[in-house]
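A quick write-up on the structure given underneath.
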Amino acid sequence: MDLKERHEIRNLTRHPWEMSRCRVVVDLLKDLLTEGTHVLDIGCGDLFVEEYLLKDRSDCFFYCVDTAYSDQEVEALKGKYTQVKVYNTFEAFMKENIQIDVILLLDVVEHIKDDCGFLRDLMNHSCMTLNTRVLITVPAFQCLFSSHDHFLGHYRRYNMKKLSTLLREAGLENCECGYFYSILLLPRFFQKLKEYMIGVGDETTDLVEWKGGRKLTLFLCWIFTMDYRMNRVLNRIGVKLPGLSNYVICRKERV
């Protein structure tokens, strides 16, 4: 969950999208995480992803950076997790002088005005090696830009072509990419249409307002996760269905 949403949250029930995205991340990383893997999560939010990953990968180490954390919150999180360290500046993380095996940018680059410059600078940091893998997820299709994006401070949404161009200009080599959550395209389209016709409502998000019970939450989580799995299988045989989100696994371009 984005920390901006955490400060607005009105209940303790996780949205099925958020739960499913953790399962998506676990699946995308299953061949990249081994014993002793060092993972850097930039824009980590409230550490829900790390808590989920640690259930299966307690032998990995996570370094989590999010500028929305206050100094007091960083201090309070010290010692809470044995294998998780939290920072509110990238400079603070760099003092660790650690080489990173996997970088997570989960719905992050759309928040950055100069996304290409950010990625190019990241690739030049000493924590990066030629073997470092980067997992990026972003919201898809600029035509679906809505109040949800505005509330979260997004500059843009992406498609496969735009994401591929971004990687090439930033000096990254695309290892695998695809869409997921095709099932959510139609609801988002109608949300966009509603905003166009009657205007924008309150600045909030579904993650904040979700009130579904446990059974409904788990069922929808399963539906969303099956959507991702189907899309990934089809993607591997050359059938690329559109979805509400993009993912890409990439690495520093070999010259």
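The values are calculated or read from the model by the stated rules, or taken from the named source; none is laboratory data. From a predicted model like this one, the values you see are computed outputs, not experimental measurements. Cβ placement follows ideal geometry from the backbone for every residue including glycine, while neighbour counts extend to all protein chains displayed.
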Taking the condition of being under 16 Å from R133 (Cα atoms) and surrounded by 15 or more Cβ atoms within 10 Å (Cβ to Cβ), how many residues in the range 33-63 meet it? 11
Quick one: in the range 172-188, which of the residues that are loosely packed, with under 15 Cβ neighbours inside 10 Å and in contact (Cβ under 8 Å) with a residue 12 or more places away in the chain is nearest to A140 (Cα to Cα)? E176
Residues of the range 134-153 classified as crowded, with 17+ Cβ neighbours inside 10 Å and farther than 17 Å from G243 by Cβ, total: 4
Would it be correct to say that L104 is in contact with a Cys (Cβ under 8 Å, 6 or more places away or on another chain) and more than 30 Å from M197 (Cβ to Cβ)? yes
Output the residue which, of all residues in the range 68-92 that are in a loop (DSSP other than H, G, I, E, B) and touching a residue at least 24 places away in the same chain (Cβ under 8 Å), is nearest to the chain's Cα centre (by Cα). A68
Here are V25, V86, V108: which of them is among the β-branched types (V, I, T) and out of contact with any helix residue (DSSP H, G or I) (no Cβ under 7 Å at 6 or more places or on another chain)? V108
Between L32, L28, L105, L40, which is modelled with pLDDT of 90 or more, assigned to a helix (DSSP H, G or I) and in contact with a strand residue (DSSP E or B) (Cβ under 8 Å, 6 or more places away or on another chain)? L28
How many residues are within 15 Å of the chain's Cα centre (by Cα) and closer than 16 Å to L29 by Cα when one looks only at the range 131-154? 5
